[in-house]
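Written out below as structure tokens is the structure these notes cover.
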Amino acid sequence: MKKVIRHLPTQGVVLRYTNFREADRMVTLLSPTLGKISVMARGCRKPNSRFLSATELFCYGDYVLYKKDDFHVMTQASVNDSFYDIRNDLEKLSYSSYILELTEEVASPGQEDNHLFYLLLQTLSYLCYSDLNPKDITHAFEIKLMDHLGYRPILDRCMICGTKNKSYYFDVRQGGLICGSCHNMGETGYNIQMGTIKTIEYILNMDFKRLNILKIPTSTSKELDRILEAYIIERMEKKLKTRQFIQEFDHIKGP
Ligand SMILES: [Zn+2]
């Protein structure tokens with residue numbers, strides 16, 4: 001008889017949680033091997049519960065899950081990194097919340113995805129511990145994520161006529177550059193400077209571990225913001241709530 005393994009050890013990052021009943025919490029974890037997974041943490045909001053810190057947002061930990069019918073119960077948890085400082089900075093918090101929401105949106109239940117897991121983990125590390133601009137980290141994450149999902153933009157020629165040109169627009173529906181003539185024939189596209197094209201290419205080809213040397217000029221960053229937002233809305237077919245929050249935050253903070 002085949003032995004059924006019910007206790008599953010896994011690493012995880014907390015993407016979201018919902019409190020319910022007196023002290024319970026339903027946690028959505030991203031696991032490198034199990035994908036997006038809902039886990040019940042019983043009694044974790046009781047004083048002195050050993051599960052409380054392991055069920056907070058952003059927490060990266062080692063978990064053991066017990067599979068019961070269609071859902072999982074947390075039976076052991078230890079925190080590797082709570083990324084605590086993210087919570088003390090409203091700007092970092094708003095970008096990190098967006099990163100979590102976008103990750104949850106693209107992650108699949110039950111599907112192994114090591115790459116997505118480590119991309120998320122590295123991004124949260126940069127947001128928590130580096131002096132990089134949270135906006136630049138977020139743009140790099142968005143570009144790497146789109147590439148990972150199979151939406152690597154075409155940046156070396158016009159996607160419609162194939163012309164190699166000096167001036168382009170970025171077409172979010174086509175997923176890459178279109179030239180001036182094709183743009184004039186009623187196609188839609190966003191203005192894009194050569195510097196922004198080079199920055200996207202640089203990030204696409206860069207090892208994410210080398211992100212600490214990234215510096216993006218303000219004008220490029222503004223263009224990236226518009227283009228990546230539109231590109232992600234086009235691919236996800238919706239606008240994420242936390243993206244809206246970042247814009248409101250930017251507005252309050254000023255230029
Ligand atoms: Zn063209």
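Here are some notes:
- Search result, residues across region 205-255 that are on the phi > 0 side of the Ramachandran plot and of a type in the set (Asp, Glu): Glu237
- Cross-chain or 6+ apart pairs with Cβ under 8 Å, region 160-176 first and farther than 21 Å from Leu228 by Cβ, then more than 11 Å from the ligand (Cβ to nearest atom): Lys164/Asp156; Lys166/Met194
- Test: residue in region 146-165 that is loosely packed, with under 14 Cβ neighbours inside 10 Å and touching a Ser or Thr at 6+ places or on another chain (Cβ under 9 Å): yes
- Condition check for Glu101: at pLDDT 95 or above and either buried (at least 17 other Cβ atoms within 10 Å of the Cβ) or not in a loop (DSSP other than H, G, I, E, B) (or both): yes
- Single condition Tyr60 does not satisfy, out of (1) buried (at least 20 other Cβ atoms within 10 Å of the Cβ); (2) assigned by TED's automatic domain parsing to the domain that holds Gln11; (3) without any contact (Cβ under 8 Å) to a residue 40 or more places away in the chain: (3)
- For region 31-39, the count of residues that are under 25 Å from Lys239 (Cβ atoms) and either in contact with a Gly (Cβ under 8 Å, 6 or more places away or on another chain) or of a type in the set (Lys, Arg) (or both) is at least one.
- Close pairs (8 angstrom Cβ cut-off, 6 or more residues apart or separate chains): over 23 Å from Phe245 (Cβ atoms) in region 96-121, among the polar types (S, T, N, Q) and part of a loop (DSSP other than H, G, I, E, B) anywhere: Glu112/Thr33; Asn114/Thr33
- Some residue of region 184-191 being surrounded by fewer than 19 Cβ atoms within 10 Å (Cβ to Cβ), part of a helix (DSSP H, G or I) and assigned by TED's automatic domain parsing to the domain that holds Ser130: yes
- Considering the conditions (1) part of a loop (DSSP other than H, G, I, E, B); (2) over 27 Å from the mean Cα position of the chain (by Cα), Tyr66 is excluded by exactly one of them, (1).
- Boolean, Leu121 is assigned to a helix (DSSP H, G or I) and either within 16 Å of the ligand (Cβ to nearest atom) or of a type outside the set (S, T, N, Q) (or both): yes
- Across region 141-188, the qualifying residues are those that are touching a strand residue (DSSP E or B) at 6+ places or on another chain (Cβ under 7 Å) and small (Gly, Ala, Ser), and the one among them that is farthest from the ligand (Cβ to nearest atom) is Gly175.
- When Asp136 is tested against (1) crowded, with 19+ Cβ neighbours inside 10 Å; (2) within 16 Å of the ligand (Cβ to nearest atom); (3) outside any loop (DSSP other than H, G, I, E, B), just one condition goes unmet, and that condition is (2).
- Within the option set Ala41, Ala23, being at negative phi, out of contact with any strand residue (DSSP E or B) (no Cβ under 8 Å at 6 or more places or on another chain) and not assigned by TED's automatic domain parsing to the domain that holds His115 holds for one residue only, Ala23.
- From Ile246, Ile200, residue being farther than 18 Å from Leu120 by Cα, surrounded by 19 or more Cβ atoms within 10 Å (Cβ to Cβ), more than 16 Å from the ligand (Cβ to nearest atom) and modelled with pLDDT under 95: Ile246
The values are calculated or read from the model by the stated rules, or taken from the named source; none is laboratory data. Bear in mind that the values here come from a model prediction, so they are computed numbers and not experimental data. Using ideal geometry, Cβ is built from the backbone for each residue, glycine included, and neighbour counts are taken over all protein chains shown.
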